[in-house]
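Colleague: For reference, the structure I am asking about is given below.
The values are calculated or read from the model by the stated rules, or taken from the named source; none is laboratory data. Values in this document were obtained by computation on a predicted structure and should not be read as measured data. Positions of Cβ are generated from backbone atoms using ideal geometry, with glycine treated the same way; all protein chains shown enter the neighbour counts. Only protein heavy atoms, including side chains, enter the accessible area calculation; ligands, DNA and RNA are left aside. Shrake-Rupley method; radii C 1.70, N 1.55, O 1.52, S 1.80 Å.
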Amino acid sequence: MAFKAQHVSFVSFAVEVLSTGITQVMIVETGLHLNPKHPLYNKTAVEDLISAAQEYVRSNVEGHAAIRLVSTQNGEI
C-alpha cells in the first residue's frame, strides 16, 4: 500500500546497512518547511505528517525502520 498524506510530494524507500544491522528507511519529500525558524514553518502540519508516517511504518514495515523527511523548499537553513 502506498503512503499518501497531505503535503507529500514523493515517497521512496532505502536500506541502511550498518555494522549494527539493517534499517529500512522511508524517505518522504514534502513541500513543508522543516526549519522551525523559517517564517512559513507550520508546526501542526509537520507534526501531522510525522504522525501519519509513523503510523504507516508501524503498519507496513517489518524490522527496524526510520523515517526521513526532506523539504523540497529552498532556503531551509
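Colleague: At 1.4 Å probe size, with every protein chain present, just tell me what the per residue accessible area of the range 1-55 comes to in Å².
Modeller: Each residue of the range 1-55 exposes 67 Å² on average to a 1.4 Å probe.
Colleague: Now, a different point. How compact and how long is the chain, expressed as Rg and Dmax of its alpha-carbon atoms in Å?
Modeller: 13.3, 40
Colleague: Residue 70 versus residue 42, label points 7 Å from Cα toward the beta carbon: distance in nm?
Modeller: Those two pseudo-labels are separated by 2.2 nm.
Colleague: Under the definition of Cα pairs under 8 Å and six or more residues apart, what whole-number percent is the relative contact order of the range 1-75?
Modeller: Over the range 1-75, the number comes to 36 percent.
Colleague: Could you compute how much accessible surface residue 43 exposes when probed at 1.4 Å, giving the result in Å² to the nearest 10?
Modeller: Rounded to the nearest 10, the figure is 120 Å².
Colleague: Give me the percent of the accessible area of the chain that comes from carbon and sulfur atoms, probe 1.4 Å, all protein chains in place.
Modeller: Roughly 52 percent of what the probe reaches on the chain is carbon or sulfur.
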